[in-house]
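Report on one structure; see the data block that follows.
The values are calculated or read from the model by the stated rules, or taken from the named source; none is laboratory data. For clarity, every value in this text was computed on a predicted model and none was experimentally measured. FYI the Cβ positions are ideal-geometry reconstructions off the backbone, even for glycines, and counts take in every protein chain you see. The area values use the complete protein model at the heavy-atom level, side chains included, leaving out ligands, DNA and RNA. Shrake-Rupley method; radii C 1.70, N 1.55, O 1.52, S 1.80 Å.
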Amino acid sequence: MTPSAPDTAMRTLMERLYPVCRSITGEGVRETLDVLREKLPALEIVSVPSGTSAYDWTVNDEWNVRAAYVADSTGRRVVDLADHTLHLVSYSVPVRATLTWDELRPHLHTLPDHPDWIPYRTSYYHRDWGFCLTQRRYDELADGRYPGPYEVVVDATLGPGVLNYGELLVPGESNEEVLVTSHVCHPSLANDNLAGIAVAVALAQRISAQLRRRWSYRFLFAPGTIGSIAWLAGNPEAPARVRHGIVLTGLGGPGPLVYKRTRRGDRRIDDVGAGVVEGRGGEVRAYSPYGYDERQFNAIGFDMPVGRLSRTPHGEYPEYHTSADDLDLVSDSRMFEALEALSEVVDILENDRLYRNLVPHGEPQLGKRGLYPSTGGRNASATVMAMLWILAYADGETSLWEIARRSEVGFPLLKESAAVLCKAGVLADEGPVEDSFR
Ligand code: ZN
């Protein structure tokens, strides 16, 4: 695979999904999952009926919208869902009414500090309706440029249906799993979270193409909160299978990579996720009970080892949850770096092993085994340093990844060097690292 290939594919996928009017249920989610299934043919699309109990929650009625607009007295549509999916408050109840400006005004949402941006608002659990618009358009309405009374139409349905999520299992040698999740409920917003979806799809494709996998990998594309909780409720045996997990979100926007630890903070995914992100100049944060679906998986009743990878997190960049979170905010190189970082995490989870130095009394003589460059340059080569680090720490208890963390020699070079040392008979492979947290 050439490095540029996934960039184009991720961008193309985001461009295709950007205009779709998604919410936590309805046609937009199904259309999105159908597109993902073109990329991941084994993706299973699951339907959970409205009204289904899911722990402390109940699956919402299904919401679908055909059209929604505000028209002035001359029939000009001054706010129209057809122009941008953010114009309608998600889950707005059906409305057909003629309203005065004073009656309409409380249903309008703007961002006075960013007069050209449209805010993103939802009303999932409180039955209401509303429109989101630029402050500029709001001021024009207030100035009487578009005279009332206003015709308000929300041609929507809200009633019994289903909630959908997508699930892909890439089987490995073990039935134990690595869980990778991404939410699929936001409409035309690129960083939050088409970027996470696109990176998850590219990662699923990479992992599927690997010939051998130690772990099984489960990819979950679910609406935020209720989607993940519905998955957990429908699969009560799932948490015990998940040995490592990561939530993906906001991977194409501004800032360096940010790894958010699990609630316990000392799971293996924390060590690996934090190490990989620090190695790329990123930031590591402690757990907090707010954010994305890491808060479902880490809840006390599940206690799953699920961290989160993002860039600048939600609410910390001005474009968050506004129309300015568009395809221009998301950079291909940042998405690609996130994919590379996740590939590193997978490589470590798959290949971290314990080794034992079979020649532990002093430094083994690498030269007589043909492992030391005979030309004797001023500094030992990176390969020799990798071998020396392994031999210094390979006591059967310190894993290759722990050696990588101490030495700052990259894990891939350590892996190659360990294979060379095993072949030369100075190192014994003592098997994969067993995870000890349960
Ligand atoms: Zn969001």
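Of the residues in the stretch 36-66, how many are of a type in the set (S, T, N, Q) and assigned to a loop (DSSP other than H, G, I, E, B)? Show your work before the answer.
Step one: filter the stretch 36-66 for residues of a type in the set (S, T, N, Q), giving 47, 50, 52-53, 58, 60, 64.
Retained after the next criterion (residues that are assigned to a loop (DSSP other than H, G, I, E, B)): 50, 52, 60.
Adding up the residues that qualify gives 3.
One line per residue, one yes/no per condition, for (1) under 18 Å from SER92 (Cα atoms); (2) surrounded by 20 or more Cβ atoms within 10 Å (Cβ to Cβ); (3) more than 16 Å from the ligand (Cβ to nearest atom):
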site: CYS132; (1), (2), (3): yes, yes, no
site: ASP143; (1), (2), (3): no, no, yes
site: SER182; (1), (2), (3): no, yes, no
site: HIS186; (1), (2), (3): yes, yes, no
site: ALA200; (1), (2), (3): no, yes, no
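Pairs are defined by a Cβ separation below 7 Å, a sequence spacing of at least 6 or placement on different chains, a first member in the stretch 125-138 that is more than 30 Å from VAL59 (Cβ to Cβ), and a second member that is open to solvent by 60 Å² or more (accessible area, probe 1.4 Å); the pairs so defined are THR134/ASP116; GLN135/PRO112; ARG136/ASP116.
Which one of SER47, SER73, SER23 is over 24 Å from the mean Cα position of the chain (by Cα) and either among the small types (Gly, Ala, Ser) or in the same structural domain as SER228 (by TED's automatic domain parsing) (or both)?
On the way: SER47 fails: over 24 Å from the mean Cα position of the chain (by Cα); SER23 fails: over 24 Å from the mean Cα position of the chain (by Cα).
SER73 is the lone residue from the list that is over 24 Å from the mean Cα position of the chain (by Cα) and either among the small types (Gly, Ala, Ser) or in the same structural domain as SER228 (by TED's automatic domain parsing) (or both).
Looking only at the stretch 296-312, filter to residues that are within 16 Å of the ligand (Cβ to nearest atom) and within 25 Å of GLU340 (Cα to Cα); which one of those is most open to solvent (accessible area, probe 1.4 Å)? Selected residue: THR312. Taking each residue of the stretch 172-188 that is free of Cβ contacts under 8 Å to residues at least 12 places away in the same chain and within 10 Å of ARG22 (Cβ to Cβ) and looking for partners that are open to solvent by 10 Å² or more (accessible area, probe 1.4 Å) and more than 16 Å from the ligand (Cβ to nearest atom) with beta-carbon atoms closer than 8 Å, six or more apart or interchain, yields nothing. Of all residues assigned to the stretch 279-294, at least one qualifies as being in the same structural domain as ALA202 (by TED's automatic domain parsing), open to solvent by 50 Å² or more (accessible area, probe 1.4 Å), within 18 Å of the chain's Cα centre (by Cα) and within 15 Å of the ligand (Cβ to nearest atom). Just so you know, in the stretch 384-425 the residues that are among the aliphatic types (A, V, I, L, M) and in contact with a strand residue (DSSP E or B) (Cβ under 7 Å, 6 or more places away or on another chain) include one that is nearest to MET304 (Cα to Cα), and it is LEU400. Report, by residue number, each residue of the stretch 313-341 that is open to solvent by less than 30 Å² (accessible area, probe 1.4 Å), among the hydroxyl-bearing types (Ser, Thr, Tyr) and within 15 Å of the ligand (Cβ to nearest atom). Residues satisfying the conditions are TYR317, THR322, SER323.
When the strands (runs of 3 or more DSSP E) confined to the stretch 107-197 are screened for residues that are more than 24 Å from ALA238 (Cα to Cα), those reaching at least 1 such residues are found at 150-159. Taking the criterion of being of a type in the set (Lys, Arg) and more than 26 Å from TYR317 (Cα to Cα), the residues of the stretch 105-154 that qualify are ARG105, ARG127, ARG145. The combined condition, being closer than 24 Å to ALA286 by Cα, in the same structural domain as VAL170 (by TED's automatic domain parsing), within 16 Å of the ligand (Cβ to nearest atom) and open to solvent by 10 Å² or more (accessible area, probe 1.4 Å), is fulfilled by THR225.
To keep it simple, each residue is scored yes or no on (1) more than 16 Å from the ligand (Cβ to nearest atom); (2) in contact with a Leu (Cβ under 9 Å, 6 or more places away or on another chain); (3) open to solvent by 40 Å² or more (accessible area, probe 1.4 Å).
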| residue | (1), (2), (3) |
| --- | --- |
| TYR165 | yes, yes, no |
| PRO171 | yes, no, yes |
| VAL178 | yes, yes, no |
| LEU203 | yes, yes, no |
| ARG206 | yes, yes, yes |
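If ASN193 meets every condition in (1) within 13 Å of the ligand (Cβ to nearest atom); (2) at pLDDT below 95; (3) surrounded by fewer than 22 Cβ atoms within 10 Å (Cβ to Cβ); (4) not basic (Lys, Arg) apart from one, which number is that one? For ASN193, the failing item is (3).
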